[in-house]
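The values are calculated or read from the model by the stated rules, or taken from the named source; none is laboratory data. Keep in mind the model is a prediction, meaning the values are calculated, not measured. As a convention, Cβ positions derive from the backbone with ideal geometry for all residues, glycine included, and neighbour counts pool all protein chains shown. Keep in mind that these areas ignore ligands, DNA and RNA; they rest on the heavy atoms of the full protein, side chains included. Shrake-Rupley method; radii C 1.70, N 1.55, O 1.52, S 1.80 Å.
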Amino acid sequence: MDDDLGAPVRVPVTVGRVVSIVPSLTESLAATRPGLLVGATDWCTHPGDLDVVRVGGTKNPDLEGIRRLAPDLVVANEEENRPEDLRALREAGLNVWVTRVRTVPEAFTSLRRMLAAACGPEVPGWLLDAEKSWSAVVPAPEQRVIVPVWRRPWMVVGRDTFTGDVLARLGRFNVFADHAERYPKIQLDELRSVPADLVVLPDEPYAFTRDDGPEAFVPVPSALVSGRHLTWYGPSLTQAPEILRRQLG
């Protein structure tokens, strides 16, 4: 089988042990086939009762720890994980499945393929529910939004991102959607000078709060939103339209 990047992956006939180094894929696998996961990153916070070996972070995974777990499959993502780490895992003889997700439809296609490789051909109910939730979305009147994902330095969502597509489907147009970079660093003075109706502040990867973030953009209003529902592709997609629409106000 080929993963989302077209790389051949020797998926065993029976997959019984999986390590996930992407939080949303961890949640997806746990919701589909409990007991399959044997390892996940420190950032894999869902489900809350996940009891597996922790293997470091998405950008600094414990490669030797993953190898010792002897997984049948390692699932990763081309944006969240570093190519050199994925290469090292392959060189250690592990089967690595890499996802690529830039839009909501791509998320559904990628999840179906990854879950089929790891869990078998049956499509889980939560994925069908998520597809139904997004097919029913009616965009709100368009707003121009800025979406910071970090500060010190300030970084925002740029072109060709899953986050930008999620917001666009809810009627929010990312003002940096045409930027040359996907996550550009922008000086605060420039951010303040860009005409925008709303600043969208997720609680991850940077944990923006009521007292940390909105003050930088006054008088433009800010909306604090769930980073999991804005940036994760997995079971959270089922409730994401309703939750984000409410949080965006």
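A few notes on this one:
- Stretch gain in nm, segment residue 112-residue 136, where the contour uses 0.36 nm per residue and the Cα spacing is subtracted: 6.7 nm
- For residue 51 and residue 14, the difference between the fully extended length at 0.36 nm per residue and the C-alpha to C-alpha distance is 11.1 nm.
- Accessible surface, segment 107-201, averaged per residue in Å² (probe 1.4 Å): 48
- Peptides 179-191, 43-55 ordered by packing proxy, namely the average of other Cβ atoms within 10 Å per residue, highest first: 43-55, 179-191.
- FRET efficiency estimate (nearest 0.05) - Cβ-Cβ, residue 215 to residue 181, R0 25 angstrom: 0.45
- Counting DSSP beta bridges with both ends in the chain, the antiparallel % (nearest 5): 20
- Karplus-derived 3J(HN,Hα), 6.51/-1.76/1.60, for each residue of segment 86-98, Hz, glycine and proline x: 5, 5, 5, 5, 5, 5, 7, x, 8, 8, 10, 9, 10
- Whole-Hz couplings from phi, Karplus 6.51/-1.76/1.60, listed for segment 213-227; x for Gly and Pro: x, x, 4, 6, 10, 4, x, 5, x, 10, 10, 8, 10, 6, x
- Restricting the calculation to Cα atoms, segment 93-249 shows an Rg/Rh of 1.00 when the hydrodynamic-style radius is the Kirkwood one.
- Three-way shape label, segment 137-230, alpha-carbon gyration tensor, a/c 1.5: rounded
- Whole-number percent relative contact order across the chain, with pairs defined as alpha carbons under 8 Å at least 6 apart: 16
- Apportionment of accessible area to carbon and sulfur, the chain, percent (1.4 Å): 51
- A cut-off of 5 Å between modelled amide H atoms, ignoring neighbours fewer than 5 places along the same chain, links residue 204 with 227.
- Placed amide H near residue 77: partners under 5 Å, 5+ positions off or other chain: 99
- Residue-span extension gain [residue 160 to residue 188] - 0.36 nm each, minus C-alpha spacing: 7.9 nm
- Three-way shape label, segment 1-84, alpha-carbon gyration tensor, a/c 1.5: rounded
- Estimated from helices alone, the mean residue ellipticity of the chain at 222 nm is -9000 deg cm²/dmol (sum of -39500 (n - 2.57) over DSSP H runs with n ≥ 4, per residue).
- Scalar couplings 3J(HN,Hα) for segment 61-77, obtained by applying the Karplus form with A = 6.51, B = -1.76, C = 1.60 to θ = phi - 60°, are x, 7, 5, 5, x, 5, 4, 5, 6, 6, x, 6, 8, 10, 10, 9, 9 Hz; x denotes Gly and Pro.
- Per residue, segment 32-93 exposes an accessible area of 52 Å² to a 1.4 Å probe, with every protein chain left in place.
- Accessible surface, 1.4 Å probe, highest first, among residues 114, 155, 1: 1, 155, 114
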